[in-house]
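In what follows, a single structure is set out as structure tokens and then discussed.
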Amino acid sequence: MIDCSVWWATPLPNESRYLDLLDPLERGRHEAYRNEIDKRRFLTGRTLAKTLAAERLGRVPGSIEFDATCADCGKPHGPPRVPGASLALSISHSGDRIGVALTDGIPVGLDVETANRRAEDSLIEYALNATEFAALKDLPQEERARTFFTYWTRKEALMKATGRGLKIPLHSITLSGPGEPARLVASADGALDPARTRLADLDPGDGYRAAVAVLAEDEIKVTEHWWSPES
Ligand SMILES: CC(C)(COP(=O)(O)OP(=O)(O)OC[C@H]1O[C@@H](n2cnc3c(N)ncnc32)[C@H](O)[C@@H]1OP(=O)(O)O)[C@@H](O)C(=O)NCCC(=O)NCCS
């Protein structure tokens, strides 16, 4: 059984006690966001990820430095890793939710999305293949959106677990129906083998959908927690 813990937080303020945890590359990314709330989401993801990594490794958060080099372009916006540590993590943010998922080094992907908004037809076509589309096309508008974001977060969690993210075509994988336990049924991409992927839906609260994926044959045990800086 593989343990996977997921921690949820709401956006922290842009204050120096958190900003001081960022290294120069992270400072640059923080400054480049134009909207205050985007800065706060980024800062919260990094603060939470560093705090959790530090707890696991018996270190202080300020000593954790991520290598987030993008495999495609070399910029520091790829999946974060702690060099030399047997720890894997994934960060996701949407609306007022910021999440971090951790394992003892088994590849993990997390995705959270606000789900109380319209799911545009173009987005549905981009994300779902014909089999999946058939499962939601006749649903009333609201349920259709909720169902779509269930699919979307499951797919994006899987893509993020591979480290390639949306470079993998979303149509190349088929998931179980939205009312069934989350599962990868088929994959045309070599990075995702149904026999070696585990998927679980999460509960980040009303108006959100979230899922976590772990690339492993063994079953996973997922625990969810809420985090606040005082806790
Ligand atoms: C990563 C990606 C899935 C983000 O999706 P999103 O819903 O907008 O954002 P989320 O909040 O869920 O995830 C953001 C986090 O994903 C992580 N991430 C970035 N690239 C990743 C990747 N290839 N695989 C897994 N995780 C990745 C980062 O930790 C990021 O958090 P950060 O802001 O602290 O750096 C999407 O942007 C992607 O697939 N990018 C890779 C391909 C690409 O287009 N690259 C850009 C040019 S090279």
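No lab work stands behind these numbers, since they all come straight from the coordinates. Computed from a predicted model, the values in this text were never measured in an experiment. With ideal geometry, Cβ positions are generated from the backbone for all residues, glycine too; neighbour counts draw on all protein chains shown.
Before moving on, here are some points about what is shown:
- Restricting the search to helices (runs of 4 or more DSSP H) fully inside the stretch 1-79 and requiring at least 3 residues that are surrounded by fewer than 20 Cβ atoms within 10 Å (Cβ to Cβ) and within 12 Å of the ligand (Cβ to nearest atom) gives 24-32.
- Members of the stretch 125-137 found to be polar (S, T, N, Q) and surrounded by 14 or more Cβ atoms within 10 Å (Cβ to Cβ), listed by number: Asn129
- Pairs are defined by a Cβ separation below 8 Å, a sequence spacing of at least 6 or placement on different chains, a first member in the stretch 67-84 that is in contact (Cβ under 8 Å) with a residue 24 or more places away in the chain, and a second member that is aromatic (Phe, Trp, Tyr) and surrounded by 13 or more Cβ atoms within 10 Å (Cβ to Cβ); the pairs so defined are Pro80/Phe66; Val82/Phe66.
- Matching residues, the stretch 172-193, being surrounded by 13 or more Cβ atoms within 10 Å (Cβ to Cβ) and not small (Gly, Ala, Ser): Ile173, Thr174, Leu175, Pro178, Arg183, Leu184, Val185, Asp189, Leu192
- Residue satisfying all of: in the stretch 80-124; of a type in the set (A, V, I, L, M, F, W, C), more than 10 Å from the ligand (Cβ to nearest atom) and not in a loop (DSSP other than H, G, I, E, B); surrounded by the most Cβ atoms within 10 Å (Cβ to Cβ) among these: Ala101
- Here is the figure for the stretch 138-163: residues that are buried (at least 17 other Cβ atoms within 10 Å of the Cβ) and either without any contact (Cβ under 8 Å) to a residue 40 or more places away in the chain or within 11 Å of the ligand (Cβ to nearest atom) (or both) total 15.
- Meets criteria (touching a Leu at 6+ places or on another chain (Cβ under 8 Å) and not aliphatic (A, V, I, L, M)) for Arg183: yes
- In the stretch 218-231, the residues that are over 19 Å from Tyr18 (Cβ atoms) reach residues that are outside any strand (DSSP E or B) with C-beta atoms within less than 6 angstrom, at least six apart or across chains, in these pairs: Glu219/Met1; Lys221/Met1.
- The one condition in (1) over 16 Å from the mean Cα position of the chain (by Cα); (2) closer than 21 Å to Leu128 by Cα that Tyr208 fails to fulfil: (1)
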